[in-house]
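To start, the structure itself, in structure tokens.
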Amino acid sequence: MSLELVTAGESHGPALVAILTGLPAGLTLEKNAVDADLRRRQEGYGRSPRQRIESDEVEVLSGLRHGRTLGTPLALVVRNRDHANWAWGMSPWPPADDPSGKGTKPVTLPRPGHADLAGALKYGLTDVRDALERASARHTAAIVAAGAVAKALLGTIGIEVASNVLGDDLEQRVDAARADRDTVGGVVEVRARGVPPGLGSYATKGDRLDARLAATLMGTQAVKGVEIGDGFALASKRGSEAHDEIHGDQESGLHRETNRAGGIEAGVSNGEEIVVRAAMKPLPTLMRPLASVDLQTGEPGEALVERSDTAAVEALAVVAEACVAWELARAARDKFGGDSLDDFLAAHGAYVERIPWRPH
Ligand SMILES: Cc1cc2nc3c(=O)[nH]c(=O)nc-3n(C[C@H](O)[C@H](O)[C@H](O)COP(=O)(O)O)c2cc1C
């Protein structure tokens, strides 16, 4: 059995949902740890007032008893408090009462860079809201909740995952963009320490750890580029400057003095720190809207303006951390198996004992 995740939920619907299957039984989870990550996702310079309405908190519907996983599907829920303002507009069933609150009028002016036009064309939608509600990054709250669970599993075998934003000029860029009613993006980095060699495989494309990490990060809203280790910079280097020489011996363990590969070779972790970066484009909702075309009338117009972040780079860092944690946990579950946590720990322990590895 492997670790799988499915999420559901709209931005202004009643709640976001994550269902996690394949977790070993006996893993201790702490509500505070999940809530702390949810809170970190909401913070950050440049976020919209929506974050003051929401105060994300995890609810567990199944798979956990007295703080320990049962080995059965773990169902997590994060409620949307803002749904109260959208109860009519986002009612799952046809509303019986008169229109009230937000979302009562169809959106027909798609935003360049968002899901609006692509979704309307693909699914034959007359109200662009039917596309943007799911495409919205609000759904990353469910990913972050799942990532917190993954980090708990990784923590049992000494793996730590952390993230940060690259560049120290974010606040000035956000202030300047906000003053111009514009938006900005940025670059985030995720690092994972304590990852043993051997997670992932070169056997098939889908097993490669680098492919999985790239897919999960590219699968995150607004991410337009991913690099592992020195990534794009390696293209202009010679082999002698690009690869990480192997040192040590069977007794003291093997290790590298450099980590240009970002801890992955041939799609397999090599025992060094995993380093992965994601580039985020500027957010598509501008307070000074870009040109668009009204899908109902065919007339030129200005794209939809609705409450929106100026930047969400710090939030992306937390989401990217969760995504990387999830993929590492999946790869660890694939490698070490384990219906119970004890089985998982025993397999990890025996493996690490067998290989000549000096952790960084
Ligand atoms: C954490 C996070 C918050 C975001 N917040 C906003 C936002 O407030 N306004 C906006 O227009 N886009 C926001 N986005 C980006 C859009 O969700 C994204 O650009 C859109 O869904 C289209 O997908 P794509 O950028 O992957 O093509 C956010 C993305 C992330 C990761």
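The values are calculated or read from the model by the stated rules, or taken from the named source; none is laboratory data. Only a predicted model underlies this, so the values are computations on that prediction, with no experimental measurement involved. Positions of Cβ are generated from backbone atoms using ideal geometry, with glycine treated the same way; all protein chains shown enter the neighbour counts. Each accessible area value is taken on the protein alone, full model and side chains, heavy atoms only, with ligands, DNA and RNA left out. Shrake-Rupley method; radii C 1.70, N 1.55, O 1.52, S 1.80 Å.
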Under the Kirkwood approximation applied to all pairs of distinct alpha-carbon atoms, what is the hydrodynamic radius of region 2-70 in Å? 13.9
For region 56-105, which whole-number percentage of the solvent-accessible area (1.4 Å probe, protein heavy atoms only) is attributable to carbon and sulfur atoms? 54
Decide, for region 163-217, between rounded, prolate and oblate: order the square roots of the alpha carbon gyration tensor eigenvalues as a ≥ b ≥ c, take rounded if a/c falls under 1.5, and otherwise choose prolate if a/b is larger than b/c, else oblate. oblate
Under 26 Å from the Cα of K31 - lysines, other chains or at least 8 residues apart: K151
With the label point 7 Å along the Cα-to-beta-carbon line of L70 and a cut-off under 18 Å to each amide N, the hits in region 308-346 are 339-341
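Can you give the alpha-carbon Rg of region 269-360 over 2.2 N^0.38 Å, where N counts its residues? Walk me through the intermediate numbers first.
On the way: Rg = 23.0 Å, N = 92, 2.2 N^0.38 = 12.3 Å.
Normalised by 2.2 N^0.38 Å, the Cα Rg of region 269-360 equals 1.88.
With all distinct Cα pairs included, what does the Kirkwood hydrodynamic radius of the chain come out to in Å, to one decimal, could you say? Spell out each step's value before the answer.
On the way: mean 1/r = 0.0455 Å⁻¹.
With all distinct Cα pairs of the chain included, I get 22.0 Å.
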With every protein chain in place, region 171-321: carbon and sulfur % of accessible area (1.4 Å): 51
For region 20-122, what is the accessible area per residue in Å², given a 1.4 Å probe and the full set of protein chains? 55
How much accessible area per residue does region 265-354 have, counting only protein heavy atoms and a probe of 1.4 Å, in square angstrom? 40
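Calculated from DSSP H runs of 4 or more alone, at -39500 (n - 2.57) each and per residue, what is the 222 nm mean residue ellipticity of the chain, nearest 500? Each step should come with its number before you reach the end.
On the way: 10 runs with 109 residues, N = 360.
That calculation yields -9000 deg cm²/dmol at 222 nm.
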Which FRET efficiency value, to the nearest 0.05, do you get for A118 and R358 by plugging their Cβ-Cβ distance into 1/(1 + (r/R0)^6) with R0 = 41 Å? 0.25
Within the chain, which DSSP H helices have Cα atoms that stretch 24 Å or more along the helix axis and a mean Kyte-Doolittle hydropathy of at least -0.5? 313-336
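According to the square roots a ≥ b ≥ c of the eigenvalues of the Cα gyration tensor, what is the shape class of region 1-156, taking rounded for a/c under 1.5, prolate for a/b larger than b/c otherwise, and oblate for the remainder? Walk me through the numbers on the way to the answer.
On the way: a/c = 2.01, a/b = 1.93, b/c = 1.04.
Prolate.
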Between A350 and S62, what's the calculated FRET efficiency when r is the beta-carbon distance and R0 is 22 Å? Round to 0.05. 0.10
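I'd like the projected area of region 66-156, averaged over all directions, using the convex hull of its alpha carbons. Report it in nm² with one decimal.
On the way: hull surface 36.7 nm².
Projected area, direction-averaged: 9.2 nm².
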Only Cα pairs within less than 10 Å get springs; with that Gaussian network setup on the chain, which residue of L316, L328, L74 has the largest fluctuation? L74
So the FRET efficiency between S240 and A176, C-beta based with R0 = 35 Å and rounded to 0.05, is 0.25
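Once you have the Cα-Cα distance between D97 and A84, take 0.36 nm times their residue separation minus that, and quote the gain in nm to one decimal. Before the final figure, lay out the partial values.
Numbers: separation 13, 0.36 × 13 = 4.68 nm, distance 1.47 nm.
Between D97 and A84, full extension yields an extra 3.2 nm.
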Return the distance in nm (one decimal) between the two label points of a simple spin-label model at D343 and V293, each offset 7 Å from Cα along Cα→Cβ. 5.7
